[in-house]
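First the structure, in the form of structure tokens, and then the observations on it.
The values are calculated or read from the model by the stated rules, or taken from the named source; none is laboratory data. Everything numeric in this text was worked out from a predicted model, so none of it was measured. Neighbour counts run over all protein chains shown; Cβ positions are idealised from the backbone, glycine included. These accessible areas exclude ligands, DNA and RNA; they are computed on the full protein's heavy atoms, side chains included. Shrake-Rupley method; radii C 1.70, N 1.55, O 1.52, S 1.80 Å.
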There are 2 protein chains.
Amino acid sequence: MLDPISRIRRFNRAVTSAVGALDTSFLGRGRPLGAARVLNAIGHGREDVAEIRDYLGLDSGLMSRLLRSLEDEGMIETSPHEEDARRRVVRLTRAGRREFNAYEALSNAQAEALLARHSQKDALLAAMDMIGSALGQSRTKLSEMSPRSDEARYCLGEYYAELGRRFKQGFDVKLSRDPDAKDMVRPRGIFIVAMSDSLPIGCVGLKGTDHGYAEIKRLWVSPAARGLGLGRRLMEAAESAARELGISVLRLDTNSALPEAGQLYRRTGWSEIPRFNDDPYPDLFFEKHL
Amino acid sequence: MLDPISRIRRFNRAVTSAVGALDTSFLGRGRPLGAARVLNAIGHGREDVAEIRDYLGLDSGLMSRLLRSLEDEGMIETSPHEEDARRRVVRLTRAGRREFNAYEALSNAQAEALLARHSQKDALLAAMDMIGSALGQSRTKLSEMSPRSDEARYCLGEYYAELGRRFKQGFDVKLSRDPDAKDMVRPRGIFIVAMSDSLPIGCVGLKGTDHGYAEIKRLWVSPAARGLGLGRRLMEAAESAARELGISVLRLDTNSALPEAGQLYRRTGWSEIPRFNDDPYPDLFFEKHL
DNA sequence: GCATATATCTGACTTTAGTCAGAGAATATT
DNA sequence: AATATTCTCTGACTAAAGTCAGATATATGC
């Protein structure tokens, strides 16, 4: 009753029966689960038949029949792919959109019901984020994005909030050097966000300078995604982007109040160097030659 | 990307595909899922056919056929129920036990794999406990148990640990009045543990005294189960047990460092009274007439 | 241009899950 | 003792999911 394996298996049991309930709710609209899943995949923006087949793990014959039945119902329309006439492209009709929305409303209602009977909503959501990240680890994608995108802003907001909590003296963005974004855009630099199925869970910036080196900035991993090696993945992505941009020297600054960050840098080939700026927050400085 | 509903639905997606993988792992041993589920139910100690049928939600005809196929495989043996010859009782043969163990090993390996690729194991397990409790809310059972049972000891250990964290001066069990258990056993009192599918997630004790009242002691709800109204359920169970034992006055002591407890008592008909003992820890005292 | 590979579709299956009515045996109720 | 109810089992279904071997049309590599 106390060992980790039992606890995970208890979680599995709870979740299996909840998912069962979730599955059966997809029935109740007069459509078998397979067809409902295809309809939902299309509604969520997948339009390439082969992609849907792959995503849902279906045999091509079965897929074909499911599409045919949705077409007969008037839920979808198919047309040949513009560039490859062997492929087909699917999209919802108006009736299909309505039906998809009905499924969405069902799912939302279920989520709301779970939330409604829980008074510690933040803790519950944080737990869900964590487990979603752990289970969806293989589906975490790193994407280059503008540092002004919604996703990047969200990450940066969480990053600053965390610095505020962890620095004894608090943290004021405006006092930090160069809070703005223009140097983290190609070709001077880049900004990378880690997305786990629509939730941003980490970021890193590569900031170009005019001093013969570039800087790594704003490395952040969501509490929900810690322990999965995402920090290392983000750093590797930033370093390989730097190589690609012809950058050969990287520097970064950090604070000893963030020991896990310092540890990561030391383990991945960075060397401590003397202070190279007069930013008030950092007290540790690193450099790496690519 | 930030609203609670989307976060819950992201969790659902992650978990649905993980559970899908879990389900298919039950295949791979040359047995359809239905038969595997029945075999597992039997392996976990269910032996009454009707009970298994009810637990798995199966039709009697289907159940009968699944049992027959397991019997043909040599995995189980059935015999008539000793007291009711209409019923049947099932148990694993030696081969069935082996097969069941193989499924168990599979499940354990899966759990271990998840744990192995996560370095923040405690946080992950805590998140799983929380979600398991939230999803399995309807399956949380309150059971009367000896305060010396493993389950009770586990709860009390967690309870004391939490007091140690939350009291400024720490907490030493030995200094607290009456740490022992004999007064929380019928007919003087009782001890109740809340179990969520083999994990103890809360407890409460009703302790008989010789002063014309009984005391509520050791009310604890696991962090994993907070926000679900379990504290109230435990208190209601303790109060109705008190009524049943002919007790008409209840008292309890608590500490203002545990504000959520005081709030619960005030909301459920308890009145604050002057100090009625010289225990060093409590600073708030309540009474309720049943 | 021709062989090869790929994407979809169709027909002909099998397996699994599940439903329903009723039979047979035992137990519970009146 | 008669009647109703309960539990398991069997036969006769249906629906859904999944498999497999071509057929057809298109794309790609040499």
Name the residue, out of B:Gly28, B:Gly208, B:Gly132, whose mean-square fluctuation peaks in a Gaussian network model built on chain B with Cα pairs under 10 Å. B:Gly28
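Counting alpha carbon pairs within less than 8 Å and at least 6 residues apart, what relative contact order, in whole percent, applies to chain B? Write out the running numbers ahead of the final one.
Details: 365 pairs, mean separation 31.7, N = 290.
Here the relative contact order equals 11 percent.
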Note: B vs A interface, total accessible area buried (1.4 Å probe; ligands, DNA, RNA excluded), nearest 100 Å², is 5500 Å²
Using a 1.4 angstrom probe and counting only protein chains, how large is the accessible area of A:Asp183 in Å², to 10? 20 Å²
Carbon-plus-sulfur fraction of the accessible area of the protein assembly as shown, 1.4 Å probe, in percent? 50 percent
Projecting each Cα onto the charge dipole of chain B (Lys/Arg +1, Asp/Glu -1 at the beta carbon, about the Cα centre), which of B:Met128, B:Ser6, B:Gln263 comes out farthest on the positive side? B:Ser6
Sticking to Cα atoms, compute the Rg of chain B to one decimal and its Dmax as the biggest Cα-Cα distance, whole number, in Å. 23.7, 71
Give the cross-link partners of B:Lys182 among the aspartates and glutamates, using a straight C-alpha distance below 17 Å as the criterion and excluding same-chain residues fewer than 8 apart. B:Glu144, B:Asp150, B:Glu151, B:Asp210, B:Glu215
Semi-axes, largest first, in whole Å: what does sqrt of 5 times each Cα gyration tensor eigenvalue give for the stretch A:140-289? 20, 19, 16
Calculated FRET value between B:Thr209 and B:Glu73, using beta carbons and R₀ = 56 Å, to 0.05: 0.40
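May I ask you to rank A:Val204, A:Val49 by accessible area, largest first, using a 1.4 Å probe over the protein chains only?
On the way: A:Val204 0, A:Val49 25 Å².
Correct descending sequence by accessible area is A:Val49, A:Val204.
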Once the Cα atoms of helix A:121-135 and of chain A are each reduced to a long axis, what angle between those two axes, in degrees from 0 to 90 to the nearest 10, is obtained? 90 degrees
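When the dipole is taken about the Cα centre of the stretch B:139-289, and only Lys, Arg (+1) and Asp, Glu (-1) are charged at their Cβ, what size is it in debye, to the nearest 20? Show your work: numbers first, answer last.
Details: 24 positive and 22 negative charges, 56 e Å.
I would put it at about 280 debye.
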Top to bottom by accessible area (1.4 Å), largest first, where do B:Arg275, A:Arg9 land? B:Arg275, A:Arg9
Starting from the alpha-carbon convex hull of the stretch A:30-166, give the projected area averaged over all orientations, in nm². 12.1 nm²
Name the nearest-to-axis residue of chain B, judged by Cβ distance to the rotation axis taking chain B onto chain A, and quote that distance in whole Å. B:Ala127, 2
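On average, how much accessible surface per residue is there in the protein assembly as shown, in Å², for a 1.4 Å probe, leaving out ligands, DNA and RNA? Mind dumping the intermediate values first?
Working: 28360 Å² over 580 residues.
Solvent-accessible surface per residue comes out at 49 Å².
In debye, nearest 20: dipole of chain B around its Cα centre with unit charges on the Cβ of K, R (+) and D, E (-)? Numbers along the way, then the final one.
Working: 44 positive and 41 negative charges, 140 e Å.
That gives chain B a dipole magnitude of about 680 debye.
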Hey, how much of the P(r) for the protein assembly as shown falls beyond 37 Å, as a percent of Cα pairs? 51 percent
Ranked by GNM mean-square fluctuation in chain A (Cα springs under 10 Å), the top entry among A:Lys121, A:Lys168, A:Lys217 is A:Lys168
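Relative contact order, percent, of the stretch A:1-82 when contacts are C-alpha pairs under 8 Å separated by at least 6 residues?
Numbers: 27 pairs, mean separation 16.0, N = 82.
Once normalised by length, the contact order is 19 percent.
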Top positive-direction residue, dipole computed over the protein assembly as shown with Cβ charges, set A:Leu115, A:Val49, A:Ala237: A:Val49
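What full-extension length gain, to one decimal in nm, is calculated for A:Tyr55 and A:Arg243 as 0.36 nm per residue of separation minus the Cα-Cα distance? Mind showing how you got there, number by number?
Details: separation 188, 0.36 × 188 = 67.68 nm, distance 3.34 nm.
My answer for the length gained is 64.3 nm.
Using the Kirkwood radius over C-alpha pairs as Rh, can you work out the diffusion coefficient of the stretch B:1-76 via Stokes-Einstein at 37 °C, viscosity 0.692 mPa s, in µm² per second? Intermediate results must be reported in sequence, preceding the final value.
On the way: Rh = 14.3 Å.
It diffuses with D of about 229 µm²/s by this estimate.
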Can you give the FRET efficiency for B:Arg87 and B:Arg275, using 1/(1 + (r/R0)^6), R0 = 56 Å, r = Cβ-Cβ distance, to the nearest 0.05? 0.45
Pairwise FRET efficiency - B:Ser25 versus A:Ser64, Cβ, R0 = 45 Å, nearest 0.05: 0.95
Tell me what chain B gives for mean residue ellipticity at 222 nm when only DSSP H runs of n ≥ 4 count, each as -39,500 (n - 2.57), the sum divided by the residue total, rounded to 500 deg cm²/dmol. -15000 deg cm²/dmol
Based on Cβ point charges of +1 for Lys and Arg and -1 for Asp and Glu, what charge dipole magnitude is obtained for the protein assembly as shown about its Cα centre, in debye rounded to the nearest 20? 240 debye
A:Lys288: which lysines have alpha carbons under 19 Å from its alpha carbon, excluding same-chain residues fewer than 8 sequence positions away? A:Lys207, A:Lys217
